[in-house]
1. Tell me which residues, restricted to the range 88-138, are among the hydroxyl-bearing types (Ser, Thr, Tyr) and closer than 21 Å to Leu165 by Cα.
2. Only one residue in Ala178, Ala159, Ala171 is under 15 Å from Gln202 (Cα atoms), hydrophobic (A, V, I, L, M, F, W, C) and surrounded by fewer than 24 Cβ atoms within 10 Å (Cβ to Cβ), so which one is that?
3. Quick one: how many residues across the range 192-211 are among the β-branched types (Val, Ile, Thr) and assigned to a helix (DSSP H, G or I)?
4. Does the range 18-27 include one or more residues that are touching a Gly at 6+ places or on another chain (Cβ under 7 Å), of a type in the set (Ser, Thr, Tyr) and modelled with pLDDT under 95?
5. Take the residues in the range 77-105 that are farther than 22 Å from Asp35 by Cα and touching a Phe, Trp or Tyr at 6+ places or on another chain (Cβ under 8 Å); name whichever of them is modelled with the highest pLDDT.
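The values are calculated or read from the model by the stated rules, or taken from the named source; none is laboratory data. All figures in this text were calculated on a predicted structure; none of them were measured in a lab. Reconstructed Cβ throughout: ideal geometry from the backbone, glycine too, with neighbour counts over all protein chains shown.
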Amino acid sequence: VTNNLAILATIRGDLNDAIARYEACLEMYREAGQDRGLARAYYNLGMTHADRKDWTAAMDCYEHGFEIAQKEGFLDAMANMHLGMAEVLLELGNSMMVPVCCARALDVYRKIGDRLGEAETYRLLGRTFALRKEWETAEELYGDSIRLDEAHGNRLGAAESYRDLGTMQEAQGLRSEARESYQTALAGFEKIGAQADSQKVQGFIEDLDAG
């Protein structure tokens, strides 16, 4: 129950509440000796810290979670931690290591048939190549991510990819294409009640129109 409430708090954008609830989950799983739940809680807590742009705290959670997952052989959790660490490295400007972490995650996701994990990896790689201004490669990766997410009903993932695609298109000076991508992302976020994400994308659209 606590974990579900934390997820809902994250979707609402109440990150302080989400962090408090995930930390409570850590204590419960630790006391119960449930290592899989503990690894998952570390991953979720890391993502929430990342949403707050607290990269040090996020990396600390991912490293703790990876240690548990590796010890117990939880392949899916290991892949998630690799992906989380890749995002932190990208945000900290260490883009050279991002493809390495993504490749490790992607290898596991393909082995276990986690198509949504695969989609998220493509999105992060898309961001990486967009920062390098390798536009065509980035666009292909975003397209792969969107197709997988839409095929498997992952509205959040698809909306995130459309948002990032719009950011890239805006950087390229493709204003009409960027606006279309932002609008698609906004519709997706609104459908699932992701208020914080909706407000952020609405701001992108307003800034684009104002420019």
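1. Result: Ser95, Thr121, Tyr122, Thr128, Thr137.
2. Ala178
3. Residues in the range 192-211 being among the β-branched types (Val, Ile, Thr) and assigned to a helix (DSSP H, G or I): 2 in total.
4. no
5. Val88
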